[in-house]
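What follows is a set of notes on a single structure, which appears directly below.
Read the figures in this text as sums done on the coordinates, not as results from a lab. Everything quoted here is computed from the prediction, not taken from an experiment. All Cβ positions, even for glycine, are placed from backbone atoms using ideal geometry, and neighbour counts span all protein chains on display.
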Amino acid sequence: MTGAPVNTGPGRLLVAVYAVFALAAGARAAVQIATRYDQAPLAYVLSAFAAAVYIVLTVALARGARRTALAACAIELAGVLVVGTLSLADSAAFPRATVWSGFGSGYGFIPLVLPLVGLFWLVRTRRPD
């Protein structure tokens, strides 16, 4: 599969999953920010950031923009690991959950697995040098 476009085969499923997560995280963040921002501003802004990353990944994968997708997957993985760790270590800083809290436990840990799958797919389909 080396050298295949990132937006074909299983890559299409990856685009679809990222699109669903972009919609879910974006809608959740929009409602939270609009209705109860004062309760947990950091958590809600982080959810909005996660949604933005998912949007970038959806578009990058759909268009075959490999470098952008790689960078966004790396940012997503770092976000899940950092926010996941901090949300467990200092729960007072996260009175409300984000998409990445508890390593994505509120979403069945898919936010933790998804960037790993994305990175695997991007590496697997890279063009030979």
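State all residues of region 25-40 that are assigned to a helix (DSSP H, G or I), out of contact with any helix residue (DSSP H, G or I) (no Cβ under 7 Å at 6 or more places or on another chain) and surrounded by 14 or more Cβ atoms within 10 Å (Cβ to Cβ); if no residue qualifies, say none.
Answer for region 25-40, where residues must be assigned to a helix (DSSP H, G or I), out of contact with any helix residue (DSSP H, G or I) (no Cβ under 7 Å at 6 or more places or on another chain) and surrounded by 14 or more Cβ atoms within 10 Å (Cβ to Cβ): just Ala30.
Condition first: more than 17 Å from Val53 (Cβ to Cβ) and part of a helix (DSSP H, G or I). Now tell me which residues in region 99-115 satisfy that.
Those that are more than 17 Å from Val53 (Cβ to Cβ) and part of a helix (DSSP H, G or I): Gly102, Ser105.
Out of region 45-102, which residues are within 15 Å of Gly118 (Cα to Cα) and of a type outside the set (A, V, I, L, M)?
Tyr54, Thr58, Arg63, Gly64, Arg66, Arg67, Thr68, Cys73, Glu76, Gly79
Restricting to region 68-86, and then to whatever is within 12 Å of the chain's Cα centre (by Cα) and of a type outside the set (A, V, I, L, M, F, W, C), can you tell me which residue is farthest from Val45 (Cα to Cα)?
Ranking the qualifying residues of region 68-86, first place goes to Glu76.
Check region 86-98 and report whether any residue there is closer than 22 Å to Val6 by Cβ, outside any loop (DSSP other than H, G, I, E, B) and in contact (Cβ under 8 Å) with a residue 24 or more places away in the chain.
There is no residue in region 86-98 that is closer than 22 Å to Val6 by Cβ, outside any loop (DSSP other than H, G, I, E, B) and in contact (Cβ under 8 Å) with a residue 24 or more places away in the chain.
Please enumerate the residues belonging to region 76-109 that are within 24 Å of Val59 (Cα to Cα) and surrounded by fewer than 17 Cβ atoms within 10 Å (Cβ to Cβ).
Ala78, Leu81, Gly108, Phe109
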